[in-house]
1. Given axes a ≥ b ≥ c from the Cα gyration tensor, I'd like to know whether the stretch 51-147 is rounded (a/c under 1.5), prolate (a/b larger than b/c) or oblate.
2. Counting other beta carbons within 10 Å of each Cβ, put 44, 79 in order, fewest first.
3. Starting from the Kirkwood Rh over alpha-carbon pairs, what translational D in µm² s⁻¹ does the stretch 96-228 have by Stokes-Einstein at 10 °C and 1.306 mPa s?
4. Helix 14-26: angle to the longest alpha-carbon principal axis of the chain, degrees 0 to 90, nearest 10?
5. In Å, the Kirkwood hydrodynamic radius of the stretch 1-117 over pairs of distinct alpha carbons?
6. Aspartates and glutamates near residue 250 by alpha-carbon distance under 16 Å, same-chain residues fewer than 8 away left out - which ones?
7. Rounded to the nearest 500, what is the 222 nm mean residue ellipticity of the chain from helices alone, with -39500 (n - 2.57) per DSSP H run of 4+ residues and division by all residues?
8. If you work out Cα extents along the principal axes in Å from the coordinates, which of (1) 59, 40, 32; (2) 52, 38, 36; (3) 77, 43, 35 do you get?
Amino acid sequence: MDFKNIAFVAARQTEAQEALKRFKTRYDNVSPNKADIIVALGGDGFMLRTLHKHMQKKTPIFGMNRGSVGFIMNGYEEDGLLDRLHKAEPIELHPLRMTATDDKGQTHEALAINEVSLLRATRLAAKIRIEIDGVVRLQEMICDGVLVSTPAGSTAYNLSAHGPIVPMGSGVLALTPISAFRPRQWRGALLPHATTVAFEILDAEERRVSAVADYTEVRRVTRVEVREDRTQAPVLLFDPEHNLEERIVKEQFLV
């Protein structure tokens, strides 16, 4: 892929800011709103923020790890950047759209590239009813919470909650309980990507629940609907030997 106008952005951490200065010294650069590619220096959290910020413009983003885990980042290397960008392979992501209704009847919308999670907000366990495409599949789940994950986010919070790793292009979403007490044996479900998942909060006044789309939080929710938004398609760029599909497959064999 050929790019003429490159913008560099970086996380606040010292390591990322120092890298930003070096790249701006070595390579021609423009502001992000004039760029046809953005090089993001930081960790996975910074990449998520960058994707959200530039999603509407659909500017491809090539990340280099200056954070900790860096699962959705490429390796850090200052030399040969233009050649790397030329050879980079794109992966198109489709985020989840969360529509959350709070206890005052107000509706809130937010997008999630990784996951939408519902979390109990008091000492009491949450009680949540789960509907799949308008059909009640779980009448009541007593739990700390529940989440819906995209394939790109399946190795993040979803994996920590013992959810499945979902390959890119699989066309499914992961529905994963978080510390479920009842039904104790239920481990979640894989759902077609076009599914609409709805969560009804039972006893919402006493057993308060918050809903989080990546890092956007809505408190005291009573109902949350989640569906994939095919109108949004942020693009990540990866070195051919370190593409996201390969990383997700590889992650399933780590011990």
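Every number here is computed from the coordinates shown, using simple stated rules; none is lab data. It should be emphasised that the depicted structure is a prediction, and the values quoted were computed from it without experimental measurement. Note: ideal-geometry Cβ built from the backbone for every residue, glycine included; neighbour counts use all protein chains shown.
1. Numbers: a/c = 2.92, a/b = 2.35, b/c = 1.24.
Prolate shape, in that a/c is at least 1.5 and a/b is the bigger ratio.
2. Working: 44 19, 79 7.
Taking fewest neighbouring Cβ atoms as first place, the list is 79, 44.
3. Working: Rh = 14.3 Å.
Rounded to a whole number, D works out at 111 µm²/s.
4. Compared with the principal axis, the helix lies near 40 degrees.
5. Details: mean 1/r = 0.0651 Å⁻¹.
Kirkwood hydrodynamic radius for the stretch 1-117: 15.4 Å.
6. Residue 250 reaches 239, 241.
7. Details: 5 runs with 42 residues, N = 255.
Calculated at 222 nm, the ellipticity per residue is -4500 deg cm²/dmol.
8. Entry (1).
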